[in-house]
1. Taking a point 7 angstrom from the Cα of residue 218 along the C-beta vector, which residues in region 80-119 have backbone N less than 20 Å away?
2. May I ask you to evaluate 6.51 cos²θ - 1.76 cosθ + 1.60, the Karplus curve with θ = phi - 60°, for each residue of region 66-71 and list the ³J(HN,Hα) values in order in whole Hz, giving x for glycine and proline?
3. For residue 121, what charge total do you get from the other residues with a beta carbon under 13 Å from its beta carbon, if Lys and Arg give +1 and Asp and Glu give -1?
4. May I have the extent of the alpha carbons of region 111-167 along their three principal axes, as whole Å values ordered from largest to smallest?
5. Among 226, 52, rank each residue by its count of other Cβ atoms within 10 Å, from fewest to most, as a rough exposure measure.
6. Please pull out the direction-averaged projected area of region 55-214, using the convex hull of its alpha-carbon atoms, in nm² to one decimal place.
7. Could you calculate the contour length gain from residue 51 to residue 131, that is, 0.36 nm times the residue separation minus the distance between their Cα atoms, to one decimal place in nm?
8. Could you quote the convex hull projected area for region 130-227, Cα atoms only and averaged over all directions, in nm²?
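Just so it is clear, none of the values below were taken in a lab; they were calculated from the coordinates. Worth saying up front: this structure is predicted, and the values here are computed from it rather than measured. Using ideal geometry, Cβ is built from the backbone for each residue, glycine included, and neighbour counts are taken over all protein chains shown.
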Amino acid sequence: MIFRLLFLLIFISVSSYAAIEQNLPNTQKTDEITPKELLSLLPDDKLLGDRKAPILMIEYASLTCYHCSLFHKKVFPKIKEKYIDTGKMLYIFRHFPLDYRGLKAAMLSYCYEKEEDYFNFNKAVFNAIDSWNYYNFSDLTILQKIAALSNLKQDVFNQCINDRKMMDKIINDKSLAINKLDITATPVFIIKLNDDKSYVGNGKIKHEGYRDLEYFTNVIDELYGKAIVK
């Protein structure tokens, strides 16, 4: 199953999030970057693994998406062990916030400059998915607790979740994913040969929704076989 954005908007604070998306000053115009470029490593990407690995996986996810959290708890650790840690695959995580708290969590993640800390923060948020206050969608208590446990001071926390430039960047990145890659839900995985610089149609490399380990193993192993032959 895949979380559909329009479905989720019924349950979240629509007005506040819509207002955020309507005003995007100082962001990159969507016609200034091509789908081909989005399917490659970008300068500000957060990544795990060898940049020269034969396989590339790009995940678009929201830190408040249940099926994203399920993937990161049940499937991703095994993928990391089998493919990323062994140098077979480069992994890139890109934020695609679905609601107000997903946006704030994404903004907070960039306060962790070291990639290890960044991914540990994301992992902690995914692990806390069941602890959110679903009666108040503006409640950021969970994020405050995670930040405190990682020794992030309250004043830094406040600065990070109110950083307008970072908010603009994240929303702009999401707009690019929507307009250039036709991504409207999470999780979405782009899996392709890393050194293939030609534009590949999304239908061949885009995998939507929660998938089990067997599914990813089949996709990655097939691509790895092609990479070895090349």
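1. Label zone hits: 80, 82-83.
2. 4, 6, 5, 5, 4, 4
3. Counting the neighbours of residue 121, the net charge comes to +1.
4. Largest to smallest, the principal-axis extents are 32, 24, 19 Å.
5. Details: 226 12, 52 9.
With the sparsest Cβ surroundings first, the list reads 52, 226.
6. Directional mean of the projected Cα hull area for region 55-214 stands at 9.8 nm².
7. 25.3 nm
8. Projected over every direction and averaged, the Cα hull of region 130-227 covers 9.5 nm².
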